[in-house]
Every structure is written in structure tokens, then in C-alpha cells.
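Structure record follows, encoded as C-alpha cells.
The values are calculated or read from the model by the stated rules, or taken from the named source; none is laboratory data. From a predicted model like this one, the values you see are computed outputs, not experimental measurements. Neighbour counts are summed over all protein chains in view; Cβ atoms, including those assigned to glycine, are modelled from backbone coordinates with ideal geometry.
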Amino acid sequence: MLLLVRLRSHRLHPLDWLSAGLLALGLVFLATGLLPTHAAGDAMTRVAPLLAFLGSVIVLAELVSRAEVFDVVATNVARAGGGTYGRLFLLCVVFASFTTVALNLDTTAVLLTPVMLALASRVGIAALPLAMTTVWLANTASLLLPVSNLTNLLAADRVALSSLELAGRMWAPQVAAIAVTAACLWGFFWRRGRRGADAYGVPAPHRPTDPALFRVCGLACAGFLLAILLADVPLWIASGAAAAVAVAAFAVRRRAVLRVSLVPWRLLVLVPGMFLVVETVNAHGLHDLLASAIGTADDLGGMLRAAGIGAGLSNVLNNLPVYLAGEAAVPVGNEDQLLALLIGTNVGPLVTPWASLATLLWFERCQAGGLRVPLRTFVATGAVLAVGGVLAAVLALAAVG
């Protein structure tokens, strides 16, 4: 149904074709027996909470944006920058890094991207540098804590590290990854020749048109963030509850905004298709190939191999299933090699739009905000950062290990 709505109302984006193609391919693999039924069932069991989170958090972000919460936050950030690009750049880097570390990369992609786009429109500056700051740091700043990335939770469980112990191992790689990211952001997008001005106009405080709707949606968003930080609540429950509050508020105040098109059908089609395809590949020799490629050495060479394979395959497939497959291929006891694989799957997925769910969420928010992201620029600059960031982070891990 959602696909028919999309077809009737919009021209299909290349990612729409990719989503439909992956799901169709996964179903063909299942129907022909190439994908065992039990493997498909396990994949869908893992994917169901993820789909619930993706669907509800996108609806939440869209409604919070319509309530002008992001406009208020963006205006405050712009005012704190005082009209100076350098200060604004540092604020954006720190802001994006903090939200990724303390919350998680998907939350950064969903909630911070609209803030950055609103910031661009409020002060009349280019939106692409602000948007790229969000998507790059959503990925590269996700190494420090278990909550920062689902792959971190899996890695911490595998090597039996607490949050503080994981931070103790990953602080140096995290600093290195953020430093390389900041350098690439400035060189590719923020420097004088790219942004076109030395200063920007400081905006006046933003007053929302519907203060009641603004307050309710702002509280729903804050409640979602607090639930992630302080409560032992699954992400999909926190995002679903917050989205329900926002939907109820709009049902009372602005019912016309509530449309079927708010649902992110592309992601809801892409994610199960992606997992079905990866499970099929895994069932036909991916584990053996990864084990052979990663090797058994827990030295710098083994760490670089694990990180490189994780980053490369994440851009071909997706970082979450690649981490799961890679984790099974890393020998038990090779803690440094496993953490290097984690670096590759967290910092490396910057080249293709589907390499991480955070990047997919970011593309959705950019499209909703009317920003066209040049794919050639995205791929070329992302490849430079992926190589430099992964290498710097692995070397930092080896140096402090």
C-alpha cells in the first residue's frame, strides 16, 4: 500500500529502486530455498524491533520538526556561534559528537539533521556542510560507549567490558576518528572557499506559531532522549511512546498533518530485504571467507585486516550484519582484533548510502528537508574520510592497547 502511494505521488529515487530490489531478491532467495527458512526467521526476529524503532522515530522527527522544535534549537545554536563560522563549526562538531556518544548514532541522524537544516535556513548559509557534519559524526563518533552504537553493545558483550572499560579501551580511537572527521569536514565543506563568506547574520529568537504544540512535542522528544539515557527501555518502545504523544498532539491541534506519507516506507522495505540477502550470502560461505581473510593474528597487521574488511564490506552490504558476521569469524580471545573490526564497521561505513542505518535515516531527513545531496560528492569525500578515519583510529587503538 505504501509503495503504491509512493508510486502515485512521487518519482522514485534510486534508493527506492534499491529497497524494492533487495526485498524482492531476498524473497526469491527464500522461495527457492537458497535462504534456509530458519535463517530467515532468525533474521526477521532480529529485524522486527529495529523496524519498529525506525518507523516510529522517523514519524517523531517529522512531527517534532512541524512543531518548530528544531527551528528553536537551531536558532539558539546560531546565536551561540555569534556570527563567526569557525565558532559555529566547533559548536556543530561538539554538538554532533556529544549526541552520538551520549545517545546513539541513529538518534543523531534523525533528530540532529533537521536541526542542522533549520540552522542553515535560519541564518542563510549553505545546508550541505551542516548536513555532512551530522552524518559523518553520527558514524565516526560512535565508538566510545555501548549506547553509542548497537555494534558496541555486541562487542562489549563479546569481550565482557563494562561501559567504563569499553571507554577506557576506545577513548584514543574515538579522539582520533573525530579529529580526522573534523579535518575532512573543514577541508571539504567548511573552509572559506567552500562556504563563500567569513561571517553570517545572527538570527533573532524564534517564536513557534503554536506554542502548545511546540511544548508537547518538545517534551515528547525530551522524554525519548531521557528514556534512552536513564531507563532500561528498548529503543523501539521509547521512540514509539514519544511518537504516540506527538501524533496525539497533532490529532488535536493540526490533524491535516497526519498523513500516510509520514511513514518511511523506503526504510521499512530496505532493511528486511538487506538482512535477507546478507543471511543468504552468510549461509553460502561468507563466514569461511571472512575467517580466512581476517586471520588469527591479534597484532597490528591482524587489526588492520579486520578493520579494513569490516569497513569495505559495510559499504557493500551494511555495517550491522557485517559486524555480526565478522564477530563470528574473529577468534575467541582476540580482543584487539575484535575492537579493530568494530572500528571498521563504525567509522568506515561512509561511502554508500546504505552502509549504515544512520546514513539511511540521514538521507530520509535530508530528502524530507528538501536538501539534495550530490552522490558523487558524498561517495568521494566519504571514501577519503573512511580510509583516514579507520586507519587513524586503529593506530590509536594499537598505541594505547
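Values as computed for the structure displayed
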| item | result |
| --- | --- |
| The listed residue being surrounded by fewer than 18 Cβ atoms within 10 Å (Cβ to Cβ), within 24 Å of Leu112 (Cβ to Cβ), touching a residue at least 40 places away in the same chain (Cβ under 8 Å) and not charged (D, E, K, R), out of Ser239, Ser261 | Ser261 |
| Sole residue being part of a loop (DSSP other than H, G, I, E, B) and over 16 Å from the mean Cα position of the chain (by Cα), chosen from Gly370, Gly285, Gly301, Gly326 | Gly370 |
| Total residues in segment 241-276, condition within 30 Å of Leu25 (Cα to Cα) and assigned to a helix (DSSP H, G or I) | 15 |
| Test result for His38, at pLDDT below 85 and either over 30 Å from Leu219 (Cα atoms) or small (Gly, Ala, Ser) (or both) | no |
| Hits in segment 310-329 - residues which are modelled with pLDDT of 90 or more and farther than 17 Å from Pro173 by Cβ | Gly312, Leu313, Asn315, Val316 |
| Index of the failed condition, Trp136 passing every other in (1) among the aromatic types (Phe, Trp, Tyr); (2) in contact with a Ser or Thr (Cβ under 8 Å, 6 or more places away or on another chain); (3) closer than 15 Å to Leu225 by Cβ | (3) |
| Criterion (in contact with a strand residue (DSSP E or B) (Cβ under 7 Å, 6 or more places away or on another chain) and of a type in the set (A, V, I, L, M, F, W, C)) met by exactly one of Ala199, Ala242, Ala248, Ala220 | Ala199 |
| Pairs with Cβ under 8 Å, 6+ apart, first in segment 372-393 and within 21 Å of Ala177 (Cβ to Cβ) and at pLDDT below 95, second among the basic types (Lys, Arg) and surrounded by fewer than 19 Cβ atoms within 10 Å (Cβ to Cβ) | none |
| Elements of type helices (runs of 4 or more DSSP H) contained in segment 119-223, each with 1 or more residues being over 19 Å from the mean Cα position of the chain (by Cα) | 150-159, 163-185, 192-195 |
| Considering residues of segment 56-86 that are of a type in the set (Ser, Thr, Tyr) and part of a helix (DSSP H, G or I) only, the residue farthest from Asp198 (Cα to Cα) | Ser56 |
| Answer residue from segment 224-240, given it is small (Gly, Ala, Ser) and in a helix (DSSP H, G or I) and is nearest to Ser163 (Cα to Cα) among those | Ala227 |
| Residues that are within 25 Å of Ala393 (Cβ to Cβ) and touching a Phe, Trp or Tyr at 6+ places or on another chain (Cβ under 6 Å), drawn from segment 85-143 | Phe89, Ala109, Thr113, Pro129, Met132, Val135 |
| Criterion violated by Ile343 - all others in (1) crowded, with 18+ Cβ neighbours inside 10 Å; (2) in a helix (DSSP H, G or I); (3) out of contact with any Pro (no Cβ under 7 Å at 6 or more places or on another chain) satisfied | (3) |
| Residues satisfying the stated conditions in segment 198-233, i.e. closer than 20 Å to Val110 by Cα, surrounded by fewer than 14 Cβ atoms within 10 Å (Cβ to Cβ) and in contact (Cβ under 8 Å) with a residue 40 or more places away in the chain | Leu229 |
| Top-ranked residue in segment 315-338 [being within 20 Å of Ala358 (Cα to Cα) and aliphatic (A, V, I, L, M); ranked as surrounded by the fewest Cβ atoms within 10 Å (Cβ to Cβ)] | Val316 |
| Test: residue in segment 297-314 that is of a type in the set (D, E, K, R), buried (at least 22 other Cβ atoms within 10 Å of the Cβ) and in contact (Cβ under 8 Å) with a residue 12 or more places away in the chain | no |
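Residues checked against (1) among the polar types (S, T, N, Q); (2) surrounded by fewer than 17 Cβ atoms within 10 Å (Cβ to Cβ); (3) at pLDDT 85 or above:
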site	(1), (2), (3)
Ala31	no, yes, yes
Asp42	no, yes, no
Phe53	no, no, no
Ala61	no, no, no
